[in-house]
1. In whole Hz, what ³J(HN,Hα) sequence does segment 299-312 give by Karplus (6.51, -1.76, 1.60; θ = phi - 60°), x for Gly and Pro?
2. For helix 217-226, what angle does its Cα long axis make with the longest principal axis of the chain, in degrees from 0 to 90 and rounded to 10?
3. So for segment 112-228, what are the equivalent ellipsoid semi-axes in whole Å, largest first, each being the square root of 5 times an eigenvalue of the Cα gyration tensor?
4. Mind checking the angle between helix 318-330 and the chain's longest principal axis? C-alpha axes, 0 to 90 degrees, to the nearest 10.
5. Report, to two decimal places, the Cα Rg of segment 238-324 normalised by 2.2 N^0.38 Å (N = number of residues).
6. Amide H neighbours of G111 under 5 Å, counting only residues 5+ apart in sequence or on other chains, H built in-plane at 1.01 Å?
7. Quick one: in the chain, what % of C-alpha pairs are over 40 Å apart?
8. Note down the magnitude of the dipole of the chain about its Cα centre, charges +1 on Lys and Arg C-beta and -1 on Asp and Glu C-beta and zero elsewhere, to the nearest 20 debye.
Amino acid sequence: MKTFRKVIFWMHLISGATAGVVIFIMCVTGALLSFERQIIEFSERDSRTVVTGSGSAAITPQAVLEKVREARPDAKPSGISKTNEPNSAWAVNLGREGQVYVDPGSGAILGEGNKSIRNVMSEFRNWHRYVALSGDNRPVGKAITGAANLLFLFLAISGIYIWFPRNFQWSAVKQVIWFRRGLQGKARNFNWHNTIGFWCSTFLIVFTLTAVVMSYQWASNLLYTITGNEVPQQQGEGRNAPAAEKPYEYPVDINTAWTAAEQTPGWQSISLRLPIEKDAAVFTIDEGIYWNIFGRSTLTSDMNGGVTKWEPYGDQNSGRQLRSWFRFTHTGESFGIIGQIIGFIACVGGAFLVWTGFSLALRRFKNWRTSKVAA
């Protein structure tokens, strides 16, 4: 048992030394991204909402697109959405170019959101996912963060094993479950490393495990396999050659199809994917009735308002639902603001684990070199 513990310890140390810098980057950026949605919503509050009754009549979704087209002739909208609140603005997504908010009454352009905040968050996300690599180097960055995350998962699991005192008595346990005052140097770093690890490891395992599913296709496919569902075909599979890029086409009239989507009882938000292909309007609808607050149903309609397919979130296969849970559990958002706070604390804790771990490892290496020279 002593030998096994020693092997695990050295694997833990080597893994941390190998991936520590990347893990530190992911933890810091993860903490900075923890409240991204709330920060953006707050910074754009004046564009996203209007004074009730600012317009004499509700503008149609097709008219919204036309207003955006007039203001941004070269833009290629990738989606249009609206929440079921009278004072909420229409949001038209322009892909990488941002978004435009439109007054639901007058049709006036309210703004394009807070580009500065969005750019900062995008840069944090780029570091978090790709260690700031871009273009053709992004796959390399993704491979680096994916591998570092796997090692982080091992560090969290092995750390729990190493944390357990050899003599599991309260006198030993209390030394490594809370911060002790008056410690300096190695003793302080040891206490912090063990205490933070004790309180954060379980959450870090959850966050790193969900990240594995997001980083690797085999892990994502595994969710479908273990739930007994068919693995969905990836976009582009089964095609001999990529299709030629088609010129962007604005829809002629989405009003009737949108009205069909609004017939969904109790809808909270509706989003339409653009451009529309094969006269099939695909809507994503938040019904607000599922435990997963990010559970979305899908409605497909022809341009005459005839519903050709209705797929409630509750009827989706368990693999797809589980994938959705993993996606938003990784950010903590599945459990609302409490989950986001836990995610923030865990990320900050992870960064301190790297710092204290490096400090302990460097001190160990220094002592080893000193003893070797003395010998």
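1. 10, 10, 10, 7, 6, 9, x, x, 6, 9, 7, 10, 10, x
2. Relative to the chain, helix 217-226 is tipped by roughly 80 degrees.
3. Numbers: eigenvalues 245, 94, 33 Å².
Sorted largest first and rounded, they come to 35, 22, 13 Å.
4. Taking the Cα atoms of the chain, the angle to 318-330 is about 60 degrees.
5. Values: Rg = 14.8 Å, N = 87, 2.2 N^0.38 = 12.0 Å.
Compactness ratio reported: 1.23.
6. Y101
7. Values: 20205 of 70125 pairs.
The calculated P(r) of the chain puts 29 percent of pairs beyond 40 Å.
8. Working: 38 positive and 27 negative charges, 665 e Å.
The dipole magnitude comes to about 3200 debye.
Every read-out reported here was derived from the displayed coordinates using simple, explicitly stated rules and does not represent laboratory data. None of the values given here were measured: they were computed from a predicted structure. Counting neighbours? That spans all protein chains shown, and the Cβs are built from the backbone with ideal geometry, glycine included.
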